[in-house]
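Values quoted throughout were computed directly from the atomic coordinates according to the rules given, and no laboratory measurement underlies them. Everything numeric in this text was worked out from a predicted model, so none of it was measured. Note: ideal-geometry Cβ built from the backbone for every residue, glycine included; neighbour counts use all protein chains shown.
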Amino acid sequence: LLQGGASLRASPIRKVQTESSTGSVGSNRIRTTLTLCVETIDFDSQACQLRVKGTNIQENEYVKMGAYHTIELEPNRQFTLAKKQWDSVVLERIEQACDPAWSADVAAVVMQEGLAHVCLVTPSMTLTRAKVEVNIPRKRKGNCSQHDRALERFYEQVVQAIQRHINFEVVKCVLVASPGFVREQFCDYMFQQAVKTDNKLLLENRSKFLQVHSSSGHKYALKEALCDPAVTSRLSDTKAAGEVKALDDFYKMLQHEPDRAFYGLKHVEKANEAMAIDTLLISDELFRHQDVATRARYVKLVDSVRENMGTVRIFSSLHVSGEQLGQLTGVAAILRFPVAELSDQEDESSSEED
């Protein structure tokens, strides 16, 4: 919700220099209430902090007008945000954030021999919490002990990462994705060890683990795992699965019926004028555009599609699916009926512009 030009009011701690009557200078840390005009925003996913830098726009006894300050926002810390305009997309985002059903989270372990990524898939982003890399020697004829020992060490490190980074009270499903039989061997090892060590955390949550295929142990392979039909049915109430399915449907449509799959703002706007849009796929990055008129154009498109009884899916740019949509200009649409002449019109107009 934070954008350049908005004003943010919070109570940070500021280091203030004081001069005594004798002339000695000292510094104290004082909590004060500041109102900043937002300039830059930086999100630290590890510390779960939002650092907002801006200039002071309200008189304060410790901070001069126009002086720079950085306010760090984190969960459960109060602040007041004022914007010149609260559009429908922004208000919907606030409603979603306040709805507990939207926080049905998923964890994933994407692995191959010697490499694993432990990720958290929240409704708005994919966070890599741990990366495990272990060099595993090849099996030698008549001697596999080195290979087996290294593999066991690798599995043990992945189990530790799962216990450290996955909160089973929140996570409702843990995907274990890999090529070949790696996922089966890993799950067998993990639960055998859990029985041996009487690890109640893993044993009680055994039903939450779901094994799926992926082409590799890299983070991008997570998209394949989320596309798996078994996963989709299990995660039907999470936003992440819905986004992945919508993008998958768009690619299928682009392949089989290209006249019913459009991307690019001009194309999509023309399809909307013809009331042809069934599902609009749009990246949230577009609503953070610095130009107010451009931002308003995207909001108008979203409102118009909804008025025409279309479905709007707002993708997070921090999600694997959102990254892919970003490569398609950030806006795409699946149409109710083929609109063949639009692409021809666009080609003609673009050649005239050239």
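So here's what we get for this one:
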| item | result |
| --- | --- |
| Extension gain, residue 251 back to residue 18 (0.36 nm per residue minus Cα-Cα distance, nm) | 77.6 nm |
| Net charge of Cβ neighbours under 11 Å - reference residue 253; Lys, Arg +1; Asp, Glu -1 | -3 |
| Distance histogram for the stretch 54-202 (every C-alpha pair counted, 10 angstrom bins, percent rounded to whole numbers) | 9, 26, 23, 16, 13, 9, 3, 1 |
| Percent of beta bridges antiparallel (DSSP, the chain, rounded to nearest 5) | 75 |
| Translational D in µm²/s for the stretch 132-213 (Stokes-Einstein at 4 °C, 1.567 mPa s, Kirkwood Rh from C-alpha pairs) | 94 |
| Computed lengthening from residue 77 to residue 145, 0.36 nm per intervening residue step minus Cα-Cα distance | 19.2 nm |
| Set of lysines with alpha-carbon distance to residue 266 below 16 Å, sequence-local pairs under 8 removed | 300 |
| For q = 0.10, 0.14 Å⁻¹, Debye-computed log10 I/I(0) when each Cα of the chain counts as one equal scatterer | -0.80, -1.16 |
| Nitroxide proxy distance, nm - points 7 Å out along Cα→Cβ at residue 170 and residue 273 | 4.6 |
| The stretch 6-84 - Rg (one decimal) and Dmax (whole number), Cα, Å | 14.2, 48 |
| Å³ per residue enclosed by the Cα convex hull of the stretch 167-221 | 83 |
| Under 25 Å from residue 15, Cα to Cα: lysines that are on another chain or at least 8 residues apart | 53, 64 |
| Around residue 323: net Lys/Arg minus Asp/Glu count, Cβ-Cβ under 13 Å | -1 |
| Reachable lysines from residue 245, criterion Cα separation under 17 angstrom, eight or more residues apart if same chain | 223 |
| Neighbourhood charge, 13 Å Cβ-Cβ cut-off, centred on residue 192 and excluding it, Lys, Arg +1 and Asp, Glu -1 | -3 |
| Convex hull volume per residue in cubic angstrom - Cα atoms of the stretch 240-345 | 93 |
